[in-house]
1. Can you tell me which of (1) out of contact with any Lys or Arg (no Cβ under 8 Å at 6 or more places or on another chain); (2) surrounded by fewer than 21 Cβ atoms within 10 Å (Cβ to Cβ) is the one A:Ser31 doesn't meet?
2. Sort out which residues of the stretch A:48-67 are facing chain B (nearest Cβ under 10 Å) and either over 13 Å from A:Tyr7 (Cβ atoms) or open to solvent by 60 Å² or more (accessible area, probe 1.4 Å) (or both), and write them in order of number.
3. Would you mind stating whether A:Leu18 is at pLDDT 95 or above, open to solvent by 20 Å² or more (accessible area, probe 1.4 Å) and within 11 Å of chain B (Cβ to nearest Cβ)?
4. Any idea which of (1) within 11 Å of chain B (Cβ to nearest Cβ); (2) under 25 Å from A:Gly77 (Cβ atoms); (3) of a type in the set (S, T, N, Q); (4) open to solvent by 10 Å² or more (accessible area, probe 1.4 Å) is the one A:Gln11 doesn't satisfy?
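The values are calculated or read from the model by the stated rules, or taken from the named source; none is laboratory data. Just so we're clear, the structure is a prediction, and the values are computed from it rather than from any experiment. Note: ideal-geometry Cβ built from the backbone for every residue, glycine included; neighbour counts use all protein chains shown. Side chains included, ligands, DNA and RNA excluded: accessible areas come from the protein's heavy atoms. Shrake-Rupley method; radii C 1.70, N 1.55, O 1.52, S 1.80 Å.
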Number of protein chains: 2
Amino acid sequence: MYTILVYDVGQKRVAKMLKLCRKYLNWIQNSVFEGEITEVKLRELILKAREFIDDETDSIIIFKSRDERWLEKQIVGNEKNRLTTII
Amino acid sequence: MYTILVYDVGQKRVAKMLKLCRKYLNWIQNSVFEGEITEVKLRELILKAREFIDDETDSIIIFKSRDERWLEKQIVGNEKNRLTTII
């Protein structure tokens, strides 16, 4: 399952959220991740995030597509993850 | 065409980018927009953004899907655009 995850969490929780998402998905921009993930693994990610996010202020939006080909991606400007994909 | 747009631009250009995107799409979180848009209108948005973004540092990522039903959306935490959709 191809997934795009965007989060908006309080400054204090950004590092934790970033670290968590990096374990499951690929970072593509600021607070945006994408990648192939199973339903089970995604549920695991969400459960772990729920442990520390603040439901009143933080939010995570997840877009799921059964097939990556159903989504076309276009990048304008600087492709930020160019280096991280090499490392 | 259903579109998700995420941007990461320098602080000085955030307000301009936000204003531009609001004209074409619906704000859903922080620097994330979504909505139905035609190819022509999307090209117009990108052209206008190119006028002020810095190609070296800024980036805009656009995900396009021919059909919104091909994407499932899940929100964890606070649904930030609840109020803006009412206004």
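1. (2)
2. Answer for the stretch A:48-67, where residues must be facing chain B (nearest Cβ under 10 Å) and either over 13 Å from A:Tyr7 (Cβ atoms) or open to solvent by 60 Å² or more (accessible area, probe 1.4 Å) (or both): A:Arg50, A:Asp55, A:Glu56, A:Thr57, A:Lys64, A:Ser65, A:Arg66, A:Asp67.
3. Details: at pLDDT 95 or above: yes; open to solvent by 20 Å² or more (accessible area, probe 1.4 Å): yes; within 11 Å of chain B (Cβ to nearest Cβ): no.
Against the criterion (at pLDDT 95 or above, open to solvent by 20 Å² or more (accessible area, probe 1.4 Å) and within 11 Å of chain B (Cβ to nearest Cβ)), A:Leu18 does not qualify.
4. Only one criterion is unmet by A:Gln11, namely (1).
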